[in-house]
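J.: Questions regarding the structure given below will be posed in turn.
We did not get these values from a lab; they are worked out from the coordinates using the rules stated. All values reported here derive from a predicted model rather than from experimental measurement. As a convention, Cβ positions derive from the backbone with ideal geometry for all residues, glycine included, and neighbour counts pool all protein chains shown.
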Amino acid sequence: MIPNKESFYTIETAVIAEFKDRGSRFVAYAYPIQTAEEAKQYIKQLKKEHPKAAHHCFAYRIGFDETIFRVSDDGEPSGTAGRPILGQIDSKQLTNTLVVVVRYFGGTLLGTSGLIHAYKTTTILALQLTPIIQKLITTTYILSIDYTIINSIMLLAKKYNCLVLQQSTQLFCEMKIAIPKKYLEAMLAELKELKGLECKQDN
């Protein structure tokens, strides 16, 4: 992943894949996510769904500057689960992606190399099942608009490939739009030319 780029890659849908080795069963769950809190909720949910599993190992990466990620071996030997999972997320240059691998122990120790292979392989299988999609990096703005200029706003949104996330149409309309990074300066400059508009970045 390259900082300051204009787009990113992530997975399109949540998927499940399974791998078995010497009696142990590994089940990988891959999810597209936006926040660390969202990742926590998925992990919590899987722990409820698999209470008898020996381990719930995971890795995720969020954002576009390589700084927001987390790995967990959840009781496996250090470096044998979370890091191999993250390695596969990174090898496909993905972000906003979570992979949780649930392990049911089969009675035979796999050793360090065996565990790394199992967690890596299960993650590979999962990421092969979901389309990888390219998305534009965007900044979200909230626009308070006089209803008379809504058409002008919509034309600008189309011109600069913006995504309208929310819209409430009353006498004074409020709209939440995601502006692609590559068009941000041009879009904001044109918005400033319009009368009857208040524009602020959504935190």
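J.: How about residue 44: which lysines have a C-alpha closer than 30 Å to its C-alpha, ignoring those fewer than 8 places off in the same chain?
T.: List returned: 20, 52, 92, 120, 135.
J.: Still on this structure: Over the chain, what relative contact order in percent results from Cα pairs under 8 Å that are six or more residues apart?
T.: Working: 402 pairs, mean separation 50.2, N = 203.
Normalised by residue count, the contact order of the chain is 25 percent.
J.: Quick one: length gained pulling residue 54 to residue 132 fully straight, 0.36 nm per residue minus the C-alpha distance? Present the calculation step by step, with values, prior to reporting the outcome.
T.: Numbers: separation 78, 0.36 × 78 = 28.08 nm, distance 3.01 nm.
Contour length minus the Cα-Cα distance gives 25.1 nm.
J.: State whether the stretch 131-203 is rounded, prolate or oblate according to the following rule on the C-alpha gyration tensor (a ≥ b ≥ c being the square roots of its eigenvalues): a/c under 1.5 gives rounded; otherwise a/b larger than b/c gives prolate, and the remaining case gives oblate. Could you put the intermediate results ahead of the total?
T.: On the way: a/c = 1.99, a/b = 1.61, b/c = 1.23.
Note, shape of the stretch 131-203 comes out prolate.
J.: Residue 169 versus residue 90, label points 7 Å from Cα toward the beta carbon: distance in nm?
T.: 4.8 nm
J.: Moving on. In which sequence would 159, 200 go, from the one with the fewest C-beta neighbours within 10 Å to the one with the most? Please report the intermediate quantities before stating the final value.
T.: Details: 159 12, 200 9.
Least crowded to most crowded, the residues run 200, 159.
J.: If the reach is capped at under 19 angstrom between alpha carbons, list the aspartates and glutamates near residue 159, excluding any in the same chain fewer than eight residues apart.
T.: 6, 185, 190, 193
J.: In nm, what is the difference between 0.36 nm times the number of residues separating residue 67 and residue 47 and their Cα-Cα distance?
T.: Values: separation 20, 0.36 × 20 = 7.20 nm, distance 2.63 nm.
The span from residue 67 to residue 47 would gain 4.6 nm if fully extended.
J.: Follow-up question, since we're still on this one. How tilted is helix 150-159 with respect to the longest principal axis of the chain? Cα atoms for both, answer in degrees (0 to 90, nearest 10).
T.: Here the helix axis deviates by roughly 50 degrees.
J.: Nearest 10 degrees is fine. How inclined is helix 82-91 to the longest principal axis of the chain, computing both from alpha carbons?
T.: Between helix and principal axis, roughly 50 degrees.
J.: Using the 10 angstrom Cβ neighbour count as an exposure proxy, how do 142, 85, 33 rank, fewest first? The partial results should precede the final answer.
T.: Working: 142 16, 85 28, 33 22.
Taking fewest neighbouring Cβ atoms as first place, the list is 142, 33, 85.
J.: Is the shape of the stretch 7-134 best called rounded, prolate or oblate, per the rule: a/c under 1.5 gives rounded, else a/b larger than b/c gives prolate, else oblate, with a ≥ b ≥ c the square roots of the Cα gyration tensor eigenvalues?
T.: Judged from the Cα gyration tensor, the stretch 7-134 comes out prolate (a/c at least 1.5, a/b above b/c).
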